[in-house]
Each structure stands twice: as structure tokens, then as C-alpha cells.
Amino acid sequence: MWKRIILWSLCALLSVVLIGAAWAVLRKPAAAPPKDIAVLATPERLERGGYLFNYLSDCNGCHSDRDYSRLGAPVKPGRVGVGFVMPDELGLPGRVVAPNLTPDPETGLGKWTDGEIIRAIREGVDREGNALFPFMPYPHFRHMSDEDVEALVAYMRTLKPVRNPLPRTELALPVALMIKSAPQPVEGVVKAPVKSDKHAYGKYLVEIGGCMDCHTKQEHGQPVAGMELAGGFEFRMPQGVVVSANITPDVETGIGSWTEDGFVSRFRQYSEMAKAGGPPVTAETFTIMPWLATSQLTDEDLRAIYQYLRTVKPVSQRVRTHPDAGSSQR
Ligand code: HEC
Ligand code: HEC
């Protein structure tokens, strides 16, 4: 009698566990149907889209084939948006591949609708409704305005189609299951803040500019709460190691003592290099900070970013940005 009860209880327990496991594996992330939209490629949109793709939002940073042996890692000629397999050294939980975004129909986005591309960028699901690994910064891109994301799509359609077959992302467990909670539909109309509201506009740029992602330390793939923009995110690449800087207004360890003009010229330092191509990197200079790209941002945008960064919580955290270099402690 008791044996039976125990046996049945065990069976019941096992089925609950199995059903739970099946649910975790088969469950689809939250997703809304893609927008039914055909983006019109106006000259303004193409220009804005190019600005976002190449300068502000650093889509090149992950989706393009770049020359990491040179300062600022310029994109290799003809290799914009062709996709990239993240190097093992980065220590991501599995094989992470930033897909080909060019309009090639077989290996790129040629067959995707505009609505599907918009949904992938802001909501983090692919064409089949599967969750994308949030290393793709969609939790921040969800704040991108309708106008901006449409401009991006218009621009991406003009990229040279490049056939570049790549493997798919394959994440280790449990991360592969955990990411299913990350996608969230974007509802209603999304507008960018007006430029005259420097604080709100600067925050918007920091959000869609990837600054928040790279400049906030992560633990188990999650940003560490309270450490926003305080740096300390370590990027280990085959070419070297670099740690993101503290860009909170802390005077000792952040950029609290930087003036607005000093901030702008720190970026402008790379404007010429963006055209000519950077010199070979050393342990001292290797970086994944998109200096070449951000050197092309408008004055208005850099100043708004600075204004916003002045207002975030100062965090005291000393970062050695180039741990392999001799004495670059700051
Ligand atoms: C920090 C790296 C990173 C940045 C920056 C980034 N992406 Fe991604 N993106 C990825 C990765 C990795 C994936 C694939 C995730 C996966 O397979 O789960 C992806 C997926 C996508 C997809 C889905 C494509 C497909 O075939 O499934 C689109 C579209 C996309 N990104 C567009 C963009 C655009 C546009 C930008 C710039 C606004 C951008 N990404 C910036 C890393 C990045
Ligand atoms: C792909 C990752 C990445 C992105 C995106 C990124 N940064 Fe950085 N940033 C770094 C790293 C790593 C460093 C440290 C190495 C260096 O100075 O080149 C750095 C350094 C800096 C510095 C120099 C700080 C100092 O103390 O010298 C500033 C300022 C800065 N970033 C601002 C920004 C802003 C603003 C944005 C958004 C528009 C941004 N970064 C986006 C990775 C990134």
C-alpha cells in the first residue's frame, strides 16, 4: 500500500518536472505580430539611418567584419553588416553570432519584411518568433523612436548584398532558456524626446548609442544594479584586453572633472583617423570603444550626451582600462 502511494507520488512529481521542462524548452517569448509597414526610403531617412547604423548605435560594432589589429577597428572594405562570429575569448555563454544584415536573400535579411526587421531590433525576436540573445542590445533599442528605427531599416536595405553564410547562435543551458523572458513587445507610438530638452534627449542617445551596455559591468549576463555607466566591463579579444571606463560624474574615478569642451574634443581626436584609418594597436591602445564612429557624432549630440552624463549617479570605481599595459591607471 505505502509502496504504491510512494510510487504514484513519484510518478506525479516526475510528470510535473517533465511538463515544466517541456514548457521551458518549447515556450515562445512574448511577441506581437510584426508591423504591417513598408518604409519609404526618403533621402532624410537614408541619411539618418546611416548616422545611426555607422556612428551612434554601433551596429557595425557587432555586425560588421572589422580589422581589430588597427586602432578603432575600422570596418574592412565592402564588409559592412556582413555579420560576425563573436570570438571565444569574450567568454560569452556559447557560440554567439551577429547575423548578416545585408539584403542578401539567402544569408541576410533579403526575405525579411520591414516589420520583421523593426521587431527584431526593438523587441528581440527573429522571424520565427524565437528570442534573440540580449547581447544584441534590444532591451535598450526598444526606446528607439518609430522614425529612427524606420530610418535604420531604409538604410539597411541600401547595404551592398553580401553572401556570407554563418552558423547560428547556440547558447549553453540555462541561458538558452532564460533569454526567453527578455523580449517584450513595444506598444503604441514611440517618439524621440525633443532636442531642446537636453537631458531627455541625451538620455535617449546614451540608451540607443550602446553607451549604457558597454559601460555597465555585467554579472551572469545581467547589468549590475547601481553600477550604471561606472565601467568595469571587461572585453577580452584575441588582439588584447580592454575594460570600459567609468563615465559617471565621479570626480576621482569617473569623468566628473571633464569640461563639456574637453569631452567633445576627446571624441574629435579621432575624426581624422576615421577617414585615414587608425595605426596598428598595442596593449596600450587596443580598444573596442567605437572612437572612429563616435568621432563623427554631431556637436549637438555629443553635448547632449555630456549634459545627461553629468546628471547620473556618481559611482566611485577605479578602472584600469588597459590591464595589459604598463601604467595606464587612472
Ligand atoms: C553588442 C553587439 C550587437 C550590437 C551593437 C548590435 N547587434 Fe544586432 N545582433 C547581435 C547578435 C549577437 C544577434 C543575434 C542574436 C541571436 O542569435 O540570438 C543580433 C541580431 C540582430 C538582428 C536579427 C537578425 C537575424 O537574422 O536574426 C537584427 C535585425 C539586428 N541584430 C540588427 C541590429 C542593428 C540594426 C543594430 C544597430 C542599431 C544592431 N543589431 C546592433 C549583436 C549586436
Ligand atoms: C562596444 C563597447 C563600447 C561602447 C558601445 C561605448 N563605449 Fe565608451 N569605452 C569603451 C571602452 C572599452 C573604453 C575604455 C578604453 C578606451 O578609452 O578606449 C571606453 C572609453 C570611453 C571614454 C573615455 C573615458 C576615459 O576616462 O578616458 C568615454 C568618454 C566614453 N567611452 C564614452 C562613451 C559614450 C558616450 C558612448 C555612447 C555613445 C560609449 N562610450 C560607447 C567601450 C564602449
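The values are calculated or read from the model by the stated rules, or taken from the named source; none is laboratory data. If you're wondering where the values come from, they're calculated on a predicted model, not measured in any experiment. Please note: Cβ atoms are built from the backbone with ideal geometry, for glycine as well, and neighbour counts cover all protein chains shown. For the accessible areas, the whole protein counts, side chains as well, though only heavy atoms, and no ligand, DNA or RNA atoms are used. Shrake-Rupley method; radii C 1.70, N 1.55, O 1.52, S 1.80 Å.
Numbers for the structure displayed
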| read-out | value |
| --- | --- |
| Nonlocal amide H pairs with Phe84, under 5 Å, H built at 1.01 Å | Ala98 |
| At R0 = 51 Å, FRET efficiency that the Cβ-Cβ distance of Ile37 and Arg266 yields, to 0.05 | 0.85 |
| Gyration tensor (alpha-carbon) shape descriptor, segment 267-310, a/c threshold 1.5 | oblate |
| DSSP-assigned coil residues among GluC sites (Glu not before Pro) in segment 159-220, each with at most 10 further Cβ atoms within 10 Å | Glu187 |
| For segment 309-321, Karplus couplings with θ = phi - 60° (6.51, -1.76, 1.60), whole Hz, Gly/Pro x | 4, 4, 9, 7, 5, x, 10, 8, 8, 7, 10, 9, 5 |
| For segment 235-315: rounded, prolate or oblate by the Cα gyration tensor [a/c cutoff 1.5] | oblate |
| Potential lengthening between Trp8 and Lys76 on full extension [0.36 nm per residue; Cα-Cα distance subtracted] | 18.1 nm |
| Under-5 Å amide H pairs with Val315, H placed in peptide plane, nonlocal only | Thr248, Asp250 |
| Candidates Glu150, Glu116, Glu44: whichever shows maximal mean-square fluctuation once the chain is modelled as a Gaussian network with Cα springs under 10 Å | Glu44 |
| Loop-resident sites, segment 161-266, for trypsin sites (Lys or Arg not before Pro), counting at most 15 other Cβ within 10 Å (DSSP) | Arg163, Arg168, Lys191, Lys195 |
| Percent accessible area from carbon and sulfur atoms, segment 44-194, protein chains only, probe 1.4 Å | 56 percent |
| Among Ser64, Ser15, Ser271, residue whose mean-square fluctuation peaks in a GNM of the chain (springs only between Cα atoms under 10 Å) | Ser15 |
| Probe 1.4 Å, protein heavy atoms only - accessible area per residue of segment 217-258 in square angstrom | 47 Å² |
| Reciprocal of mean inverse Cα separation for segment 30-192 (Kirkwood radius, Å) | 16.2 Å |
| Estimated vicinal HN-Hα couplings, Hz - segment 166-172 in sequence order (Karplus 6.51, -1.76, 1.60; Gly, Pro = x) | 10, x, 8, 4, 9, 8, 7 |
| For Arg66, residues with placed amide H under 5 Å, excluding near neighbours | Lys76 |
| Counted charge near Met86, where neighbours are those whose Cβ lies closer than 15 Å (Asp, Glu -1; Lys, Arg +1) | -3 |
| Angle in degrees between helix 146-156 and the longest Cα principal axis of the chain, rounded to the nearest 10 | 80 degrees |
| Percent of Cα pairs exceeding the 39 Å cut-off, where the set is the chain | 17 percent |
| Heavy-atom accessible area per residue - segment 1-109, 1.4 Å, Å² | 59 Å² |
| Max mean-square fluctuation residue, GNM over the chain, Cα-Cα springs under 10 Å, options Gly83, Gly188, Gly210 | Gly188 |
| Three-way shape label, segment 157-291, alpha-carbon gyration tensor, a/c 1.5 | rounded |
